[in-house]
Amino acid sequence: MRALAGALAKELLPVGGRPLIVHGLRDLAAAGVEEALVVVSPDKPELARALGSRVDGVALTYVEQHEPLGVGDAIALAEPFAAGEPFFCWLPDNLWSGAGAGAPSASAQLAAARARRPDATFVGLIELPPAELARYGSAGFVETTRLDGDPGEVRIDRVLPKGSKPTAAVPLLKGFPLDLYQPDVFDRIRRERAALRAAAAARELDDTPILAELAREGRLVGVVLRDGRLFDCGIPEGYRGAVAALGE
């Protein structure tokens, strides 16, 4: 199993005695990941210096995203690395803290779901109390239908546009920035890029249209993560919460 992690300077912020991105790499390692590709900005060489070539048994390779052209563009850089296999994609300004020593990692929960539905693409989901919405970013909310079998797995029917939050959905489910993609995602990215060029639209290639397409096809499965807590450290409230819970 392989993994893709995107990184910016904030991924080196300290939480619980280690850089934020290291928490994500350790989570992936607990799911059996042995190799990870870290996508970096060319003006942030400190990331490779801080991490080196290996973290917790995960061998690291680095690739530059020369311009900040979106998550979809970053994923496209991983095609040679993925080598035709399914792969994880983790945006490591988010942190998953397990509820205890025996709690499964977020990545392990997605890997277990893939064993049951090997042809699907998976998105980690968290269930939010409405009162906690301010602690999380405004992207990634979904509408779902329960699936037969494991009660924590749902079919994602619709990925809401960025900035949209459901007003009446119960439970309130938001995508955790951890996905488990099939290798056909690269063809989907190429089609989306071509459509943007044909429309003379903005150059940024987001992952949301890709996930929305998979949802329309009935091929996107959400895994409601249990036995832990998400900290969205990409926003100040989330980072402060992580430091309060885990220390700096």
Relative contact order %, the chain, counting alpha carbon pairs below 8 Å whose residues are six or more apart:
26
Let's see if you can work this out: charge +1 on each Lys and Arg Cβ, -1 on each Asp and Glu Cβ, no other charges. What is the dipole magnitude of segment 149-248 about its Cα centre, in debye to the nearest 20?
340
Whichever aspartates and glutamates have a C-alpha closer than 14 Å to that of LYS44, once near sequence neighbours (fewer than 8 apart) are set aside:
GLU11, GLU64, GLU67
Sequence-distant aspartates and glutamates (8 or more away, or on other chains) whose Cα lies within less than 12 Å of LYS162
ASP206, ASP207
With springs connecting C-alpha atoms under 10 Å apart, model the chain as a Gaussian network and identify which of ARG191, ARG226, ARG114 has the largest mean-square fluctuation.
ARG191
Rounded to the nearest 5, what is the percent of antiparallel bridges among the DSSP beta bridges in the chain?
60
Among LEU47, LEU69, LEU28, which one shows the biggest mean-square fluctuation in a GNM of the chain, springs joining Cα atoms closer than 10 Å?
LEU69
Find how many whole Å separate the alpha carbon centroid of segment 15-69 from the alpha carbon centroid of segment 199-248.
18
Tell me, what is the percent relative contact order of segment 101-225, built from C-alpha pairs under 8 Å that lie six or more residues apart?
39
For a quick check: with amide H placed at 1.01 Å from N, whose amide H comes under 5 Å from PHE176's, ignoring anything fewer than 5 positions away on the same chain?
GLY124, LEU125, ILE126
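Values in this text are rule-based calculations from the coordinates and carry no lab data. Note that the structure is predicted; figures quoted are calculated from it, not measured. Quick reminder, even Gly has a Cβ in these numbers, built from the backbone with ideal geometry, and neighbours come from all protein chains shown.
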